[in-house]
1. Counting other Cβ atoms within 10 Å, keep those with at most 15, restrict to DSSP loop, and tell me which trypsin sites (Lys or Arg not before Pro) in region A:146-219 are left.
2. What list of ³J(HN,Hα) couplings, whole Hz, do you get for region B:260-268 from phi and the Karplus terms 6.51, -1.76, 1.60, once you set θ to phi - 60° and write x for glycine and proline?
3. For an R0 of 22 angstrom, estimate the FRET efficiency from the Cβ-Cβ distance between B:ASP179 and A:GLN519 and round to the nearest 0.05.
4. Within chain B, what whole-number % of the accessible surface is contributed by carbon and sulfur, with the 1.4 Å probe and all protein chains included in the calculation?
5. Among A:ASN413, A:VAL428, A:ILE441, pick out the residue whose Cα is farthest towards the positive end of the charge dipole of region A:404-446, where Lys and Arg carry +1 and Asp and Glu carry -1 on C-beta, about the Cα centre.
6. How large is ³J(HN,Hα) for each residue in region B:116-133, as worked out from phi by the Karplus curve 6.51 cos²θ - 1.76 cosθ + 1.60 (θ = phi - 60°), to whole Hz, x for Gly and Pro?
7. Loop-only check: which chymotrypsin sites (Phe, Trp or Tyr not before Pro) in region A:195-265 are DSSP coil with at most 14 other Cβ within 10 angstrom?
8. Using θ = phi - 60° and the Karplus relation 6.51 cos²θ - 1.76 cosθ + 1.60, list the HN-Hα couplings for region A:222-237 in order, rounded to whole Hz, with x at every Gly or Pro.
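The values are calculated or read from the model by the stated rules, or taken from the named source; none is laboratory data. Just so you know, these numbers come straight off a predicted model, no measurement behind them. Neighbour counts run over all protein chains shown; Cβ positions are idealised from the backbone, glycine included. Just so you know, the surface numbers come from the protein's heavy atoms only, side chains and all, with ligands and any DNA or RNA stripped out. Shrake-Rupley method; radii C 1.70, N 1.55, O 1.52, S 1.80 Å.
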Amino acid sequence: MDTALQPPLAPDVQRLLEEHSSKELLRLAVVGSVDDGKSTLIGRMLYECDGLFEDQISAVRRASAKRAAARTEATPPTVPPELLAQGLKAAAGAEEEELDFSLFTDGLRAEREQGITIDVAYRYLSTPRRKIIIADTPGHLQYTRNMATGASTADAGVILVDARLGVLPQTRRHAYIASLLGIPYLAVAVNKMDLVDFDRATFERIGSELVDFAHTLGFEGVRLFPVSASRGDNITRPSARTPWHEGGTLLGWLESLPHQRRLDGAPFRFPVQYVLRPHQDYRGLAGQVASGTVRVGDEVQVLPSGRRTRVAGIDTFDGPLEEASATASVTLRLADEVDASRGDMLAHVDSPPQALHQLEAMLVWFGEQPLDVSRRYLVKQATRTAPAQVERVLWRKELEDLSEQPAESLALNDIGRVRLVCRRPLLVDAYRENRRTGAFIVIDALTHDTVGAGMVLGPAETGARGAVEASLVSAEERRARLGQVGTLVLLPATPDAASRAFELERRLFDLGRHVAAVQGDVEVALALAGAGLVALVHAEAPQTRRALRAEARDAGLTWLELEATEDLERQVDRIVNARESSP
Amino acid sequence: MSNDALAKTSHLTELEAESIHILRETVAEFANPVMLYSIGKDSQVLLHLARKAFHPAPLPFPLLHVDTTWKFRDMYTFRDAFVAKHGLRLLVHQNRRALAEGINPFDHGSQKYTHAMKTQALLEALAAHGFDAAFGGARRDEEKSRAKERVFSFRDRHGQWDPRRQRPELWNLYNGRVDAGESMRVFPLSNWTELDVWHYVLRERIPVVPLYFAAERPVIDRGGTLLMVDDERMRLKPGEKPTLRRVRFRTLGCYPLSGAIDSSATTVEAVIHEMIHARQSERQGRLIDHDEEGSMELKKREGYF
């Protein structure tokens, strides 16, 4: 049954495979407004890089013919059979221009019906050096949200400009969002050059205006290309129609860009994703190296606890490693039995991330409902999810002129600077230093929608409000007054959990304990235990149970988890004799 | 392909790390995940990645085969041998009622058949076991509506996909929050292409069903589609007579609905060689995609994978 064992490879197959195996991944975001020719540009790139199959091309030929027919209201022409039969290469030249390249990329029914692009799509392209993942981000509908989505992972961006129209406000907006999301390299494709007779002066006028602007945004490199997406000039082939252009082709530029160097150079960050514990003798912290490099023997610390230990081993399915760099998914074993679980982060002792409860961030708002500063949201950053509140909007970016405007809130597609307060500390770097650990998403706790994307700027200055959050009554004083230790008790998720909680409450009350039963609400449970009570929590949702454990741990509360197999007496006994312990 | 220096910089290694991240993230965030197992090459790659993600622990979820009862015999043989060899937990689910009603690909047409035996069966199985996340091996390069699908693809209480209500997905931060009854389809191979999959099969020496390799097989040519006569249930039209042809399959499903291609590729590298020069897309041999334009999108809205 094993078909894997193969005879030696033929030399030409070997060469093809080696070529394919040594390719680097490059993630690209292509942005442009309606009618800038973005779908056409992407379709053209796929077509010229052999990223399309013959039947896909045939389908597009048929659809192109239909569309052309619909436009002219002529009888639908049948596609010449010789065209269908012709290979991809043979179709170069005049016939190519009959193809509507945008049809290669607009995939949903509504998109084809309306001739528009409504959502981010991903395309795949292979060049001799690169595998390129293209985020095809529609510019007009909810452009901020879509652009941010595509740009979040991109190593490079391409912005389209219509040569006839020049630099428009939307071009500036696109460049601004690209820089905000940290795309290091930007190309501006001045498209439809065929419609301005490949005029050099037009190109240079648009170019110098954009380059001046882009430099203020802090890109590492900005390049300009005079192109015609529908005719194929300077996209994968140099154009004879722009002899004055010495900047090469768009594809040549994509192949020349450095690869992921920012992640490699940053300090080591390892968000703990999942704890592997197949048996008592093995405890591995599974995760993906977010940035930097770790070696066996390195001294590391676990955050937020700050406990120090050494890396005892780096394990993979394929055997142990001596070192691991971004973005490898590995499993780390530590030299000591230090407490580390999902949501924690490992870093070298000399360059830890910041553990911040209060921080300032740039926020792109996606929610249909505007940002509500009185409401609790959830923030997911690296592998940690924490309840959070956007305490204040400092300003909103006016995308028309990129000015900063005072604002109370953010509406759909708004971008602003905010002050965020999290109940558990986030382990972060500034986004401009580290796109992996400086990024977060905002989730609506009720609807579960992803309503925002955030980029950490740094710690918020601690104002008066931060200071009063610390209670003036210590846990020791509460203990002395109440004669008990505030404890969180999590009941097993059984169908009778609620009635069991009330039974326990009654028994413990009769024994003189200060006790209360809580259903599901993490915040209430934490507040009660923090105030010195025994809080009996029953919650069915695994997410709630996890959140409770994580938060009890961060708050340093005494923790007890009851077992479904225990009878009432045993449970009462355990609670009464609870020793201080953390989950 | 054991050149470590190459392997280190390869995009395959990066895709692998990304997929493992997605697998672990799902298991960490959901209470009851399952992996859809269709016995195809993508399933084999996904399973291999899952074993890597949780090594040295066993897989923290079962496999689910939604069985139409019309798969190729070789697929069942392969499935049982592979599962036994690696000690995997496999659940097999069939739509019993549809079977009792005699629904089959010949009398009921591919649409009705697929809806009953695949979509309905899948939804039944997910509900019966209370799975809140289901891994699938779908790739975005397969089909245009797939290109729009998220890695974490939210499904409502009825298992339905709404392309206009997808959650934005940024960086590698996946929003895995669902309410009771809702679920997530998770696609760790989203960013892989067909070539990547085959290359990885070669690099990792992943076993796949022999039907992917050329052999003499009894086939009929039905309107340009080569169908293999895999057992006596195949309905032949008047004048149709199976002939032996050297064929293989690029994609595997139910045998009466899977078209073969003429080929002489008997090894993984020969398959790759052939594919690099191929000019037909993979799903071109899949009859169920061609019922009408956009048919994959419609199926997914109803709950199809």
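1. Numbers: sites: A:ARG164, A:ARG172, A:ARG173, A:LYS192, A:ARG200, A:ARG205; in loops: A:ARG164, A:LYS192.
Counting only loop positions with at most 15 other Cβ atoms within 10 Å, the trypsin sites (Lys or Arg not before Pro) in region A:146-219 are A:ARG164.
2. For region B:260-268, the Karplus-derived couplings read 9, 10, 5, 6, 10, 7, 10, 10, 4 Hz, x marking Gly and Pro.
3. Working: r = 17 Å, r/R0 = 0.75.
So, using R0 = 22 Å, E works out to roughly 0.85.
4. Details: 5450 of 10910 Å².
Ligands and nucleic acids excluded, carbon and sulfur give 50 percent.
5. Going by the Cα projections, it comes out as A:VAL428.
6. With the stated coefficients, region B:116-133 comes to 6, 7, 10, 4, 4, 4, 5, 4, 4, 5, 4, 5, 4, 9, x, 6, 9, 8 Hz.
7. Details: sites: A:PHE198, A:PHE203, A:PHE213, A:PHE219, A:TRP244, A:TRP253; in loops: A:PHE198, A:PHE219, A:TRP244.
Filter output for region A:195-265: A:TRP244.
8. 10, 10, 10, 9, x, 10, 10, 5, 6, 9, x, 7, 6, 8, 10, 10
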